[in-house]
1. For the pair residue 92 and residue 220, what calculated FRET efficiency results from E = 1/(1 + (r/R0)^6), where r is the Cβ-Cβ distance and R0 = 45 Å, to the nearest 0.05?
2. With a ≥ b ≥ c taken as the square roots of the eigenvalues of the C-alpha gyration tensor of region 149-242, please select rounded if a/c is under 1.5 and otherwise prolate if a/b is larger than b/c or oblate if it is not?
3. Across every pair of different alpha-carbon atoms, what Kirkwood hydrodynamic radius in Å does region 110-203 reach?
4. For a quick check: sort 145, 208, 108 by the number of other beta carbons within 10 angstrom, fewest at the front.
5. Provide the gained length on full extension for the span residue 16 to residue 44, in nm with one decimal, where the gain is 0.36 nm per separating residue minus the Cα-Cα distance.
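Each value in this text was obtained by applying a stated rule to the coordinates, not by laboratory testing. All values reported here derive from a predicted model rather than from experimental measurement. Here Cβ is always computed from backbone atoms with ideal geometry, including for glycine, and neighbour counts include all displayed protein chains.
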């Protein structure tokens, strides 16, 4: 089944589903890019890992405490009572979580140098905390180098990445920062009601730039991964839509027989 939405499906943004979407889309982008850049380049999937402190985690959650029914028997007279016999409860503590995020590097075959960095933002990149700080440090390092940056933001929630310029009103953003044109960069903005744009991926001067047909890649992935079996279109998306978009999405889903 294909997604009923013309572009990004807001139901894919659900925190419990997004990690699968993120990692699967990284692989799909790699597979779409690799045939276009050979033999001079290769596309590598890389990973960063960081610790998220309690209260920052948005990809998964755990209960604050678990209470177990206490032991109610009485100890024989004269024998000491152990903790479990005195009505102690078993609790669960908040522990730091390890988060892994994948991204793409386009590298030159000749010298293995990173030519282009391709990032798909995660919820932790858009909320205050270690995940955002780590990503912003890496982003600043890329922008200070001769590496091109392609940054794909398919999440409506959280704080957008910083830039200088006119307000960018829209739901989804794709930034293409070419090393030889900084500090200027291209910012592509689209709404929920539009197909996602195609992206020209910058390489070294004189080399043909591959085209990432982001909308087609995402919709093909939706079908292959069977995301329709994991989505309840009768419910509201998470995060929720604004009132006018919610009404538009409701009409769209009703027309598709999903509500």
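1. 0.65
2. Oblate is the answer for region 149-242, as a/c is 1.5 or above yet b/c matches or exceeds a/b.
3. 14.1 Å
4. 208, 145, 108
5. 7.5 nm
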